[in-house]
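Please read the structure below before turning to the comments.
Just so you know, all these numbers are worked out from the coordinates, no wet-lab data involved. Nothing here was measured: the structure is a model prediction, and the numbers come from that model. Ideal geometry is used to build each Cβ from the backbone, glycine not excepted, and the neighbour counts take in all protein chains shown.
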Amino acid sequence: MALRNKSVSILGAGISGLTSAIAMARLGSNVTIFEGAKKNLNTGAGIQISPNGFGVMSALGLKEALASKGSVLEYINVQNYKKPSFSARVDLRNVTHGNVHPHMAIHRFDLTNILMKTAMKLGVKILFNKQATDITNASESVKIKFSDETFHECQILVGADGIHSLTRKFIGCDEKPKFTGKVAWRALIESKFIPLNDIPNEATIRFGPNRHIVTYPIRDGKLINLVAVEKREEWTAEGWDLPDNRANLEKSFQHWPTTVRKLLSVAENIKLWGLFVHELPHKWHSDLAVLIGDACHPMVPFLGQGANMAIEDAWVLAEELDNSNNVLDAFKRFQARRYRRITKVASASSSNGDIYHAVGVRANLINIGMKASYRLKPSFIQSKYDWLYGVDVSRGD
Ligand SMILES: Cc1cc2nc3c(=O)[nH]c(=O)nc-3n(C[C@H](O)[C@H](O)[C@H](O)COP(=O)(O)OP(=O)(O)OC[C@H]3O[C@@H](n4cnc5c(N)ncnc54)[C@H](O)[C@@H]3O)c2cc1C
């Protein structure tokens, strides 16, 4: 069932929906994306595209476009919040995993803009203000109802509609996302205010009891992306993310060193996210609809892989649809190729959160262990994520 001239409908114009549209349009299919928002709202803050995601982007012809907007990260530093020296430092230029693609940091708006323009150039139709309110089975098709009372019927539906996915409900997964007990503030900081030595192309993870902070530069170092995570008993807000006062962020890190507090004091456009996940479904598809990205497998962001996994999904799904005899076979093969990797990445992301937030003796032991292995056997830290970054699904891995 080659994708050429096949019609594909995608719900959601986030990173997974757009990447999927590009991958399928390049194979000759006619793609329409239905997006509930009025325009590209993926303004967010920064995002990291690691070599495994970048490999796909490169195979989709987006290498130069991304290079023109993103910054190649050279190191990832891991640091105890009280100590001036790094506990460990990974040299991203000197990789051991054999994947030549860079580790890039980019503004989300820039990334989605590149994806959107590329998709449109390939003939993808992107319809905004199309909020799906119901999805049902019709005879040999899937019928989507939108809030403007219009309908659309399709033979292939890709549910790229994020963590609160309606497509997920349609394929029979009805459980609500669960609060992970962690919240994340996201903010941008103008580099000119930065009192820290962070402006080189390095990501730094500072960890302390029940909280951690990640910083890295975007837009040629003019902005610093900040993600600050705190452990919290419950999430009581109505929505999943909301604007927050800087005072709340500062209060959470009030016992951290002055340098960090100075950084927080100049953070702008602060948003607070409740971090939610849900169980990985046993079945990721019905006969004619399939889930990708956060609609299928939302994960905590402590390994920076949610979008990278969505990008990998997009490539594998397009390849399987192009190579399989029928749609259902393609969906089954897609899930089979992705299941173990997604499970492993989600679990590693969650473990990172536990490590960063350790308290008391455990925290000290983790820090000592990290320092010792970094100093005595740097290759261990250097190659710890080879299984993750070394994979490039676009070359058949
Ligand atoms: C603090 C934080 C930091 C992160 N950092 C990274 C990182 O560095 N690297 C990384 O790889 N990942 C990171 N992630 C994860 C990443 O943001 C997500 O995994 C990724 O954005 C998921 O993309 P998606 O397209 O699947 O879903 P979404 O981005 O949620 O897109 C879903 C789209 O579907 C639309 N939609 C939803 N419902 C409907 C409907 N009913 N009708 C029509 N349209 C609908 C939405 O409007 C939206 O545009 C981070 C996440 C957080 C919270």
Normalised by the residues of the chain, what does the relative contact order come to in percent, with Cα pairs under 8 Å and at least six apart?
23 percent
Can you work out the FRET efficiency for the pair residue 63 and residue 149, with r the C-beta to C-beta distance and R0 = 51 Å, to the nearest 0.05?
0.75
Given Cβ point charges of +1 (Lys, Arg) and -1 (Asp, Glu) and nothing else, what value in debye, to the nearest 20, does the dipole of the range 178-277 about its Cα centre take?
180 debye
Does the range 1-48 come out rounded, prolate or oblate, given a ≥ b ≥ c as the square roots of the eigenvalues of its C-alpha gyration tensor, rounded meaning a/c under 1.5 and, failing that, prolate meaning a/b above b/c?
oblate
To the nearest 0.05, the calculated FRET efficiency linking residue 5 and residue 361 through their beta-carbon distance, R0 being 45 Å, is 0.10
Taking alpha-carbon centroids only, the range 330-397 lies from the range 33-72 a number of Å equal to 22 Å
Hey, got a sec? Which trypsin sites (Lys or Arg not before Pro) in the range 13-42 land in a DSSP loop and have at most 12 other Cβ atoms within 10 Å?
38, 39
Once the dipole of the range 178-277 is set up with Lys and Arg at +1 and Asp and Glu at -1 on Cβ about the Cα centre, which of 227, 205, 180 lies farthest towards its positive end?
205
Put +1 on the Cβ of each Lys and Arg and -1 on the Cβ of each Asp and Glu in the chain; which of 80, 285, 8 then has its Cα farthest toward the positive end of the dipole?
80
Taking neighbour counts of Cβ atoms within 10 Å as a proxy for exposure, in what order, fewest first, do 109, 380, 54 appear?
380, 109, 54
With the label point 7 Å along the Cα-to-beta-carbon line of residue 328 and a cut-off under 16 Å to each amide N, the hits in the range 122-149 are 137-142
Trypsin sites (Lys or Arg not before Pro), restricted to the range 326-359: which are DSSP loop and have at most 11 other Cβ atoms within 10 Å?
none
So what's Rg/Rh here for the chain, counting alpha carbon atoms and using the Kirkwood radius for Rh?
0.97
For a quick check, take a GNM of the chain with Cα springs below 10 Å and name the residue from 175, 74, 320 with the largest mean-square fluctuation.
175
Output the pairs from 145/176; 231/384; 130/271; 83/262; 344/384 with a Cα-Cα distance over 19 Å in this structure; if there are none, say none.
145/176; 231/384; 130/271
Cut-off is 10 Å between beta-carbons; in what order do 285, 255, 278 appear when sorted fewest neighbours first?
255, 278, 285
Over all alpha-carbon pairs in the range 187-287, figure out the percentage whose distance exceeds 24 Å.
31 percent
Could you check which residue among 316, 56, 359 shows the biggest mean-square fluctuation in a GNM of the chain with a 10 Å Cα cutoff?
359
Given a Förster distance of 45 Å, report the FRET efficiency between residue 375 and residue 242 from their Cβ-Cβ distance, rounded to the nearest 0.05.
0.60
In deg cm²/dmol, rounded to 500, what helix-only [θ] at 222 nm does the chain give when every DSSP H run of at least 4 residues adds -39500 (n - 2.57) and the total is split over its residues?
-10500 deg cm²/dmol
